[in-house]
1. Anything in the stretch 67-109 that is assigned to a loop (DSSP other than H, G, I, E, B) and among the charged types (D, E, K, R)? List them, or say none.
2. Please find, within the stretch 109-121, the residue that is most open to solvent (accessible area, probe 1.4 Å) out of those that are out of contact with any helix residue (DSSP H, G or I) (no Cβ under 6 Å at 6 or more places or on another chain) and under 12 Å from GLU47 (Cα atoms).
3. Of everything in the stretch 122-138, what is surrounded by 13 or more Cβ atoms within 10 Å (Cβ to Cβ) and not basic (Lys, Arg)? Give them in sequence order.
4. Quick check, is LEU124 in contact with a helix residue (DSSP H, G or I) (Cβ under 6 Å, 6 or more places away or on another chain) and within 28 Å of GLU93 (Cα to Cα)?
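The values are calculated or read from the model by the stated rules, or taken from the named source; none is laboratory data. It should be emphasised that the depicted structure is a prediction, and the values quoted were computed from it without experimental measurement. Here the Cβ positions follow ideal geometry from the backbone for every residue, glycine too, while neighbour counts run over all protein chains shown. Calculation scope for accessible area: heavy atoms of the full protein, side chains included, ligands and nucleic acids excluded. Shrake-Rupley method; radii C 1.70, N 1.55, O 1.52, S 1.80 Å.
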Amino acid sequence: MTFSVNKNEVISLGDGAADFIANGTNTNDARTKWLHIGDMYIMRMAEIYLLAAETEQMLGNGSKAAEYLNVLRKRAARSTATESQWKLASATEDDIFDEYAREMAGEFSRWALLKRHNAFETRLEKYNKRAAKSFKPYHYNRPISAEFLSTILNSEEYGDNGYGQTSNSGIENFK
């Protein structure tokens, strides 16, 4: 069985995949195991609204950013809430950060948002003073695991994003 991904690429899945697709049986064939992962969310519509609001706010269009956030806030508001309780006239960067925190809680996009805006220091100082005391600039980069570094031959050259696991950790190069 073949699928045409685009006009220049054709993927062959083999007979086991064809059987799986046709009748849902898993033959435990390595070629078909990936087909049995089920549905997976890639992006939610709320994230589109958040990105649009973030973009408008960065362009200086706070009222347009608020329009995007208000769609989400209206959907999430309690039925007893009045419009004046949830509606924004203009959105600030803090409004967008707060809406991301509520809307995308547990979806692991917060770190990317705060890195994108260089906002770790300000948000930590405001909401987690204890963590703010130990924050270092190299925390903007994710650590590279010691297990990975121990398996490659050039770990000293590769470095560890400043976390001190190699002699070439890069700490001295961070500003």
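1. Of the stretch 67-109, the ones assigned to a loop (DSSP other than H, G, I, E, B) are 77-82, 87-92, 104-109.
Within the stretch 67-109, ARG78, LYS87, GLU107 meet the criteria.
2. Here is the first cut: in the stretch 109-121, the ones out of contact with any helix residue (DSSP H, G or I) (no Cβ under 6 Å at 6 or more places or on another chain) are 109-112, 116-119, 121.
This time we only want the ones that are under 12 Å from GLU47 (Cα atoms), so: 109-110.
Details: SER109: 25, ARG110: 84 Å².
In this case the residue turns out to be ARG110.
3. Restricting attention to the stretch 122-138, the residues satisfying the condition of being surrounded by 13 or more Cβ atoms within 10 Å (Cβ to Cβ) are 122-125, 131-132, 135, 137-138.
Across the stretch 122-138, the qualifying residues are THR122, LEU124, GLU125, ALA131, ALA132, PHE135, PRO137, TYR138.
4. yes
To keep it simple, each residue is scored yes or no on (1) open to solvent by less than 40 Å² (accessible area, probe 1.4 Å); (2) modelled with pLDDT of 90 or more; (3) on the phi > 0 side of the Ramachandran plot.
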residue: ALA76; (1), (2), (3): no, yes, no
residue: SER90; (1), (2), (3): no, yes, no
residue: GLU93; (1), (2), (3): no, yes, no
residue: ILE96; (1), (2), (3): yes, yes, no
residue: ARG102; (1), (2), (3): no, yes, no
residue: GLU107; (1), (2), (3): no, no, no
residue: ARG142; (1), (2), (3): no, no, no
residue: GLU156; (1), (2), (3): no, no, no
